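Chemist: Take a look at this one; I'll ask things after.
The values are calculated or read from the model by the stated rules, or taken from the named source; none is laboratory data. Keep in mind that what you see is a predicted model, and the values were worked out from it rather than measured. Here the Cβ positions follow ideal geometry from the backbone for every residue, glycine too, while neighbour counts run over all protein chains shown. With ligands, DNA and RNA removed, areas are computed over all heavy atoms of the protein, side chains included. Shrake-Rupley method; radii C 1.70, N 1.55, O 1.52, S 1.80 Å.
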Amino acid sequence: MLRNRPRPGAAHPTWWKAPFAATVIGLPFLVWEYHWFAAGDGVGSFGGILYWASGLLALAWVLPHRRSVRTARVLTAGAGLGCALLPGMMAVLLVWAAVASS
């Protein structure tokens, strides 16, 4: 009766939107933070979060393209974006606190 209903295993037509948006915003920050923190002896204490951000963004792309995995894909992309933005935001807050205290 319902011909337009998607099949249970069918690919979601807009599966790529959440990983794409998170990657477009997060990847420049990841590259900038990696070059900023890796200028010395290595990425140091922020290395773990940079690797987690890269891994979560990559996982958002490789999750299955089914409609049933949409929530997991959006949450993974959002967590990767949050991890990518965290070191940069901490640096901005640190500079802001230094300026405000003087």
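Chemist: Cβ-Cβ below 8 Å, separation at least six or inter-chain, first residue in segment 41-56 and within 21 Å of residue 74 (Cβ to Cβ) and at pLDDT below 90, second open to solvent by less than 40 Å² (accessible area, probe 1.4 Å) and not charged (D, E, K, R): which pairs?
Modeler: 49/83; 49/87
A quick yes/no check of all residues on (1) under 15 Å from the mean Cα position of the chain (by Cα); (2) open to solvent by less than 80 Å² (accessible area, probe 1.4 Å); (3) closer than 26 Å to residue 11 by Cβ; (4) touching a residue at least 60 places away in the same chain (Cβ under 8 Å):
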site: 64; (1), (2), (3), (4): no, yes, yes, no
site: 67; (1), (2), (3), (4): no, no, yes, yes
site: 70; (1), (2), (3), (4): no, no, yes, no
site: 78; (1), (2), (3), (4): yes, yes, yes, yes
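Chemist: Here's something else I'd like to know. Give the residues of segment 73-102 that are under 15 Å from residue 61 (Cβ atoms) and of a type in the set (Gly, Ala, Ser), sorted by residue number.
Modeler: 77, 78, 79, 80, 84
Chemist: Determine whether residue 57 is open to solvent by less than 40 Å² (accessible area, probe 1.4 Å) and in contact with a Lys or Arg (Cβ under 7 Å, 6 or more places away or on another chain). Before the answer, list the steps.
Modeler: Numbers: open to solvent by less than 40 Å² (accessible area, probe 1.4 Å): yes; in contact with a Lys or Arg (Cβ under 7 Å, 6 or more places away or on another chain): no.
Against the criterion (open to solvent by less than 40 Å² (accessible area, probe 1.4 Å) and in contact with a Lys or Arg (Cβ under 7 Å, 6 or more places away or on another chain)), residue 57 does not qualify.
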